[in-house]
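Down below is the structure, laid out as C-alpha cells.
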Amino acid sequence: MSRPVGNLDPTDLINVETNRIPFRADNFSLDLWKDAFRSWPSPTKGWKDWFLRVSHSNEVQWGKQKLDQCIRLSLADMDRNKSLLIAASYFWSDILNAFVFGHGPASPTLADVLMLTGLDVSTVDSSHIFDSKPSAKVQTRSIGGWSGYIQKYCRIGPVNIKEQTTFLNMWLDKFVFRGRSAGPTFVYLSAAERLANGGRFPLGRYLLGSAYYLLHKVAQKLLLGQSIGNLGGPWWFINMWLSLHMHKRLEFDLFAQRFPRDIAKDHELDEEESATHPPKTMVKPS
C-alpha cells in the first residue's frame with residue numbers, strides 16, 4: 001500500500017507563515033494607506049437610468065449568464081469599512097492565500113463569490129477573456145469621465161449589441177474589477193462584448209483571482225513599509241467577505257441584510273434616490 005508523501009498536518013506551515021505576515025513587520029502607519037481606497041465604487045449620474053433601460057431587454061439573458069445579481073449589486077449603497085480592511089490586510093499570507101487570524105486561516109472561496117454575487121464560477125473557461133480583440137470601439141479620453149461615457153453611449157430606441165457592450169464594459173471596469181483609472185477604459189471591452197453576445201465564462205473565478213492578487217500586492221507593500229497607493233481592485237468584495245465572516249464581532253444582524261430591490265420598469269429614479277435597501281454590504285440596519 002502506498003503511503004502519502006509529506007506531513008499532512010498543516011500546523012507547522014501555518015505557524016511558520018504566521019511569522020511572515022505583514023503584522024509581524026511592525027510597519028503600522030495610516031500614512032501608508034493614503035489613496036488606497038480611491039477606486040471604491042461611487043454613484044455615477046445616469047447609471048441608474050441606464051441600468052433600467054438595458055436590463056429591460058436583457059434581464060433574461062443576464063439570468064442565464066448568472067450576471068443579473070451582480071449587475072443589480074452595482075445599484076447598492078456600499079458602505080466601506082476602512083478600518084476593517086486595513087486591519088485585516090496585515091494578516092494576509094501570500095503563501096497560504098489566506099488571512100491568518102487567531103482562530104486559524106480563513107480565505108474567500110468560490111462558494112463565497114457565488115453566494116455574495118451570484119456570478120458564474122463553474123462554466124468551463126475555453127479561452128481567456130482578454131485574449132481577443134473586440135470589434136467594438138469606445139471613446140475613453142476627453143469624454144467627461146463616466147458620466148460623459150453614459151451620455152455618449154446610452155441611446156434611445158431598442159438596445160443593440162453595441163450599447164449593451166458599452167454598458168457591460170462600464171459595469172466590469174467601474175463596479176466589478178475597479179481599475180486604477182478614475183475614468184473609462186477599454187480594458188474589459190473584449191469581455192463585455194463576449195457577454196453582450198450571449199457568451200458565458202466563469203466571471204466569478206476572475207473576481208476571486210483579482211481579489212487574491214490585490215491582497216498579494218498590498219501584503220508585499222506592507223512588508224516593505226511602502227505606501228499602498230491606488231492599486232484599484234475589488235476592495236468592495238473583500239469588504240463584503242470580511243463583514244460576512246466577522247458579522248458577530250461587528251454586532252449586526254446578518255439576516256436583516258437585503259439585496260437591491262426590484263425597480264418598476266416605468267419608475268424614474270432621482271439621482272438622490274436609493275435603489276436599494278442595505279444589501280450584502282454588511283451595514284447595520286437602522
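The values are calculated or read from the model by the stated rules, or taken from the named source; none is laboratory data. Fair warning: this is a prediction, and the values are worked out from it, not measured in the lab. We place every Cβ from the backbone using ideal geometry, glycine too, and count neighbours over all the protein chains shown.
Miscellaneous remarks
- A single member of SER122, SER147 is surrounded by fewer than 18 Cβ atoms within 10 Å (Cβ to Cβ), under 23 Å from LYS174 (Cβ atoms), touching a residue at least 24 places away in the same chain (Cβ under 8 Å) and out of contact with any helix residue (DSSP H, G or I) (no Cβ under 7 Å at 6 or more places or on another chain), and it is SER147.
- The residue that is modelled with the lowest pLDDT, counting only those in segment 100-134 that are hydroxyl-bearing (Ser, Thr, Tyr) and farther than 28 Å from LEU189 by Cβ, is SER107.
- Leading residue by the ranking (nearest to the chain's Cα centre (by Cα)) among those in segment 194-205 that are surrounded by 23 or more Cβ atoms within 10 Å (Cβ to Cβ) and closer than 22 Å to ALA136 by Cα: LEU203
- Within segment 150-173, considering residues that are under 12 Å from GLY46 (Cβ atoms) and part of a helix (DSSP H, G or I), the one nearest to the chain's Cα centre (by Cα): MET170
- Only residues that are part of a helix (DSSP H, G or I) and either out of contact with any helix residue (DSSP H, G or I) (no Cβ under 9 Å at 6 or more places or on another chain) or within 17 Å of SER83 (Cα to Cα) (or both) were counted in segment 221-248, giving 14.
- Considered as a group, the residues in segment 80-109 that are surrounded by fewer than 17 Cβ atoms within 10 Å (Cβ to Cβ) and of a type in the set (S, T, N, Q) include one that is nearest to LYS221 (Cα to Cα), and that residue is ASN97.
- Beta carbons closer than 6 Å, at least 6 apart along the sequence or on distinct chains, pair a first residue in segment 42-63 that is closer than 16 Å to THR165 by Cβ with a second that is in a helix (DSSP H, G or I) and among the aromatic types (Phe, Trp, Tyr) for VAL54/PHE167.
- Residue in segment 188-199 that is among the hydroxyl-bearing types (Ser, Thr, Tyr), under 27 Å from LYS152 (Cβ atoms) and modelled with pLDDT of 65 or more present: yes
- Lone unmet requirement of (1) modelled with pLDDT of 70 or more; (2) surrounded by 11 or more Cβ atoms within 10 Å (Cβ to Cβ) for ALA25: (1)
- Residue in segment 179-189 that is closer than 18 Å to GLN69 by Cβ, in contact with a helix residue (DSSP H, G or I) (Cβ under 6 Å, 6 or more places away or on another chain) and not hydroxyl-bearing (Ser, Thr, Tyr) present: no
- Test set (1) under 23 Å from SER89 (Cβ atoms); (2) under 20 Å from the mean Cα position of the chain (by Cα); (3) surrounded by fewer than 23 Cβ atoms within 10 Å (Cβ to Cβ) - GLN220 fails condition number: (2)
- Filter pass, LYS66 being at positive phi and surrounded by 14 or more Cβ atoms within 10 Å (Cβ to Cβ): yes
- Hits in segment 55-97 (condition: among the aliphatic types (A, V, I, L, M), part of a loop (DSSP other than H, G, I, E, B) and touching a strand residue (DSSP E or B) at 6+ places or on another chain (Cβ under 8 Å)): LEU96
- Test: ALA182 is assigned to a loop (DSSP other than H, G, I, E, B), closer than 20 Å to SER210 by Cβ, among the small types (Gly, Ala, Ser) and touching a Ser or Thr at 6+ places or on another chain (Cβ under 9 Å): yes
- Test result for VAL121, part of a helix (DSSP H, G or I) and β-branched (Val, Ile, Thr): no
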